[in-house]
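Visitor: The structure that follows is given in the form of structure tokens.
No value in this document is a laboratory result; all are computed from the given coordinates. These numbers were taken from a predicted model, which means no experiment stands behind them. Please note: Cβ atoms are built from the backbone with ideal geometry, for glycine as well, and neighbour counts cover all protein chains shown.
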Amino acid sequence: MTRDYMVQYREIKKMVNECNGEYYNLPYYIGSGISRVVFDLGNYIVKYQYSYNNEQLNKQEMTAYRIGVKNGVSDLLAKPIYTSPDYKWMIMEKMQSTVSDALKNSLNDTERKKIIGEYEYVKKKLKLALPKSSDLHRGNVMINKVGEMKAVDYVW
């Protein structure tokens, strides 16, 4: 990771600490889930876990990635680059589009069938290797800039 990304990461951390929970108004905001918010770092994304609810999702995701490496499916998972010691922050490989978006933008039935087939393959393979991963819907499986399909949210 280059120095520029770490500078931007520190800038985002500072803004998050000052925003009183209004993350969606911050620059670089991409989206959010139940307890995490995601920011854009160019070639990477930052996941900030603002609420634990007794579960450290970033820590679970790191554990799942390590299991994925051990089980030979890390190529189907967006790669974590960095986590803070308290697991509130995680920097990951950035993807370009969701499977849902790819299906909407596909040109014909053949292309749609190919996308669905690849998605089902990824989902099946990850379910076998990471049996606890339960949230592999089409919004959580994405395609990177070279066309590889990977899960971006694979916690349980």
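Visitor: Quick one: which residues, 5+ away or cross-chain, put their amide H under 5 Å from the amide H of I30? H built at 1.01 Å from N.
Guide: Placed amide hydrogens put V38, F39, D40 under 5 Å from I30.
Visitor: Of the lysine pairs in the stretch 97-151, how many meet both conditions: Cα atoms under 22 Å apart, and a spacing of 8 or more in sequence or different chains?
Guide: Count of close lysine pairs: 26.
Visitor: Here's a follow-up. Return the long-range amide H neighbours of S97 (sequence gap of 5 or more, or a different chain), with a cut-off of under 5 Å between placed amide H atoms.
Guide: The list, which skips near neighbours in sequence, is I143.
Visitor: Computed from these coordinates, which is Cα Rg over 2.2 N^0.38 Å: (1) 1.33; (2) 1.06; (3) 1.01?
Guide: Working out Cα Rg over 2.2 N^0.38 Å from the coordinates points to (2).
Visitor: Hey, rough spin-label estimate for K124 and S84, points 7 angstrom out along Cα→Cβ, what's it come to in nanometres?
Guide: So the two model labels end up 4.1 nm from each other.
Visitor: May I ask for the net charge around T83, where only other residues with Cβ less than 11 Å from the Cβ of T83 are counted and Lys, Arg are +1 while Asp, Glu are -1?
Guide: Numbers: positive: K47, K59, K88; negative: E61, D86.
My count for the surroundings of T83 gives +1.
Visitor: Next question, about the same structure. Dipole magnitude of the chain about its Cα centre, charges +1 at Lys/Arg Cβ and -1 at Asp/Glu Cβ only, in debye to the nearest 20?
Guide: On the way: 24 positive and 18 negative charges, 89 e Å.
Its charge dipole is roughly 420 debye.
Visitor: Using the beta-carbon distance between M62 and D4 and R0 = 25 Å, what value does 1/(1 + (r/R0)^6) give for FRET efficiency, to the nearest 0.05? Please report the intermediate quantities before stating the final value.
Guide: Values: r = 24 Å, r/R0 = 0.95.
According to the calculation, E is roughly 0.55.
Visitor: List the aspartates and glutamates whose Cα lies under 18 Å from the Cα of K47, skipping any in the same chain that are fewer than 8 positions away.
Guide: Once the sequence-local aspartates and glutamates are set aside, what remains near K47 is D4, E11, E18, E22, E55, E61, D86, E93, D135, D153.
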